[in-house]
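The values are calculated or read from the model by the stated rules, or taken from the named source; none is laboratory data. Just so you know, these numbers come straight off a predicted model, no measurement behind them. Positions of Cβ are generated from backbone atoms using ideal geometry, with glycine treated the same way; all protein chains shown enter the neighbour counts. We work out accessible area using only protein heavy atoms, side chains counted, and drop any ligands, DNA or RNA first. Shrake-Rupley method; radii C 1.70, N 1.55, O 1.52, S 1.80 Å.
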Amino acid sequence: MIAMHHGRRPSAMVAKILYRQMLLQLQNFYNPHEAAIITDRVFEKIAGITKVDFIKKDALQVSEIEEENLRAAMYDLLQNKPVQYELSEAWFG
């Protein structure tokens, strides 16, 4: 749960927390290796954050818009939408 401050959400969230939330949720549907690859791809595509970025900078943050987009992607993936569709990497007719 994100702490509320004067009735508003903070403007940025620590990326590692959101990454971990997504990874754990996806592990309910995919094996741990697949869930990690999907989470990595989603973070790189939506927030421009790579696995190396997480290693180099412990307190990386995502903007409010990036957080919304990452949460929307996670929701869609949990509804069985294909990863390629979610990341706009393939044509679906």
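Quote the accessible area belonging to Ser88 in square angstrom, nearest 10, computed with a 1.4 Å probe and with ligands, DNA and RNA left uncounted. Accessible area, nearest 10 Å²: 100 Å².
Only the Cβ atoms of Lys and Arg (+1) and of Asp and Glu (-1) were treated as charged; on that basis the dipole of the stretch 24-93 about its Cα centre amounts to roughly 160 debye.
Please list, by residue number, every one of the chymotrypsin sites (Phe, Trp or Tyr not before Pro) in the stretch 34-93 that is coil in DSSP and has at most 14 other beta-carbon atoms within 10 Å. Intermediate values should be presented prior to the final figure.
Working: sites: Phe43, Phe54, Tyr75, Tyr85, Trp91, Phe92; in loops: Trp91, Phe92.
Taking the stretch 34-93 and a limit of 14 other Cβ atoms within 10 Å, the loop chymotrypsin sites (Phe, Trp or Tyr not before Pro) found are Trp91, Phe92.
Amide hydrogen proximity for Met13: with H placed 1.01 Å from N in the peptide plane, the residues at 5 or more positions away or on another chain lying under 5 Å are Val62. Whole-Hz Karplus values for the stretch 57-70 come out as 10, 5, 10, 4, 10, 10, 6, 4, 5, 4, 4, 4, 5, 5 Hz, taken residue by residue from phi with 6.51 cos²θ - 1.76 cosθ + 1.60 and θ = phi - 60°; glycine and proline positions read x.
Taking the Cβ of Phe54 as the centre, find all other residues whose Cβ is under 12 Å away and add up their charges (Lys, Arg: +1; Asp, Glu: -1). Numbers along the way, then the final one.
On the way: positive: Lys16, Arg20, Lys51, Lys56, Lys57; negative: Asp40, Glu44, Asp53, Asp58.
That works out to +1.
Electrostatic tally near Val83: other residues with Cβ closer than 14 Å to its Cβ, Lys and Arg +1, Asp and Glu -1, net -3. Please work out whether the stretch 18-93 counts as rounded, prolate or oblate from its C-alpha gyration tensor, where a ≥ b ≥ c are the square roots of the eigenvalues and a/c under 1.5 means rounded, while otherwise a/b larger than b/c means prolate and anything else oblate? Note, shape of the stretch 18-93 comes out prolate.
Electrostatic bookkeeping for Gln27 treats Lys and Arg as +1 and Asp and Glu as -1; over the other residues with beta carbon under 14 Å from its beta carbon, the sum is -1.
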